[in-house]
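All remarks here apply to the structure that follows.
The values are calculated or read from the model by the stated rules, or taken from the named source; none is laboratory data. In this text, all values refer to a predicted model and were calculated from it rather than measured experimentally. Quick reminder, even Gly has a Cβ in these numbers, built from the backbone with ideal geometry, and neighbours come from all protein chains shown. Protein only, heavy atoms only, side chains kept; ligands, DNA and RNA dropped before computing areas. Shrake-Rupley method; radii C 1.70, N 1.55, O 1.52, S 1.80 Å.
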There are 2 protein chains.
Amino acid sequence: MTMDKADGDVSLESSARVELDLNQFLPYQLNRLADRISQALEKLYAESYELNIAQWRVLAWLSHCDDLTAKKVCAYTNMDKARVSRAIQSLEDRGLISRTPSQQDQRLHDLQLTDAGQALLNKLVPEAQAWEAGLVSTLSVGEYRDLLNTMRKLERQLERIG
Amino acid sequence: MTMDKADGDVSLESSARVELDLNQFLPYQLNRLADRISQALEKLYAESYELNIAQWRVLAWLSHCDDLTAKKVCAYTNMDKARVSRAIQSLEDRGLISRTPSQQDQRLHDLQLTDAGQALLNKLVPEAQAWEAGLVSTLSVGEYRDLLNTMRKLERQLERIG
DNA sequence: GACATTTAGTTTCATTAGAAACTATCCTTC
DNA sequence: GAAGGATAGTTTCTAATGAAACTAAATGTC
């Protein structure tokens, strides 16, 4: 927060021009990249499989979590519980997942993939992974590792600074 | 796309379980990080300045672009033109920006910050930069540079693979 | 120079998301 | 064990979003 303008101002007056170069602003850059990647990936699961992003995320988490509930999906994906609820409902309506009230706690509903859901993922997941592979093929193994590492650091820092 | 299951299957049948580990899936990781950063930053400009993300982006671009139009904002920010139109309208209503029809082309409207708009940015931009500085303070200079670099590579690759 | 086409921006309309209210179950505590 | 929270999930209601229709101005074509 230093004054590095060369015009000799000694204090920040309201007419001083403060600029923000978004090309150097990490939140903006990250958001734009993530947004574009999302949009590109969406073509895979939306056009071919008629899934929206919330539904896709529920399925993806189901593919490697055996005991999943709506609550957990909310926590893992950072999505609103209403949104998750609706995604689960439509997946169930389509017969891709099934819900069973938990034995221990009747409020919880255990989610599981149906055969149809697993079959869909068996086709979709390799496509998604192939697409990702194409995306990161421009990076060296080290760059890719560093990227994930740096992202983890930022997540941890985010939790610290709120 | 190799079969690395150890169960001796020779072909991919529909009951084979294909998993996707989202923690290793870049699009998901990137999206979640970007999302959380956006949400945190939103507190700055939403709570203190009553700006939504679209309005904030228009102002930020205006702060270092002298000849900006709605069309350019769309291109720079990847936002829908309806959304941009509405953001511009509300900023104008609040007296933070002004619009003048371009001399050369009456369809275009040149956007510029008003004094009030510049004054707002003079307060907000340093806050945003300070917040970003806090976020990236967990990274070394090299890591930060590499991160931006890698992101640029991914953007370029995105354009290539669509 | 009229007529079709493109482009910038707005408006309308249908969908979506999220906030808040609500239901049903569970947990605490007295 | 009844009362007063919590908690998981759904529903309702409102606001935001994007697709598509629309307006107005520019450009191209004949």
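Below is a table of values for the structure above.
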| read-out | value |
| --- | --- |
| 10 Å Cβ neighbours from other chains, averaged over peptide B:134-143 | 4 |
| Averaged over A:61-72, number of beta-carbon atoms from partner chains that fall within 10 Å | 2 |
| GNM result for chain B, Cα springs below 10 Å: residue of B:138, B:150, B:100 fluctuating most strongly | B:150 |
| Nearest-first distances (nm) between copies at residue B:107, label 7 Å from Cα via Cβ | 5.7 |
| Peptide-level mean, for B:147-160, of C-beta atoms on other protein chains within 10 Å | 6 |
| Surface share of carbon and sulfur [accessible, 1.4 angstrom probe, percent] for segment A:23-161 | 47 |
| FRET efficiency, residue A:81 to residue B:66 (Cβ-Cβ, R0 41 Å, nearest 0.05) | 0.35 |
| Shortest-first nm distances, residue A:86 label point to equivalent points in other copies (7 Å, Cα→Cβ) | 1.5 |
| For segment B:22-162, Kirkwood radius (reciprocal of mean inverse C-alpha pair distance, Å) | 17.0 |
| Rotation relating B and A, chain A residue nearest the axis via C-beta, angstrom | A:34, 2 |
| Max mean-square fluctuation residue, GNM over chain B, Cα-Cα springs under 10 Å, options B:68, B:147, B:108 | B:147 |
| Solvent-accessible area per residue for segment A:35-162 (1.4 angstrom probe, square angstrom) | 51 |
| Theoretical gain in end-to-end length, residue B:103 to residue B:52 [0.36 nm per residue, Cα-Cα removed] | 15.3 nm |
| Inter-copy separations for residue A:123, label at 7 Å along Cα-Cβ, nm, ascending | 5.6 |
| P(r), alpha carbons of the protein assembly as shown - 20 Å bins starting at zero, rounded % | 27, 52, 20, 2 |
| B/A buried area, accessible surface, summed, 1.4 Å probe, Å² | 7200 |
| At R0 = 30 Å, FRET efficiency that the Cβ-Cβ distance of residue B:149 and residue A:40 yields, to 0.05 | 0.90 |
| Relative packing of peptides B:119-129, A:44-54 - highest average C-beta neighbours within 10 Å first | B:119-129, A:44-54 |
| Helical contribution to [θ] at 222 nm, DSSP H n ≥ 4, -39,500 (n - 2.57), averaged over the protein assembly as shown, rounded to 500 | -19000 deg cm²/dmol |
| Equivalent-ellipsoid semi-axes of segment B:39-105, from the Cα gyration tensor, Å, largest first | 21, 13, 11 |
| Per-residue SASA entry for residue B:65, accessible area with 1.4 Å probe, Å² rounded to 10 | 30 |
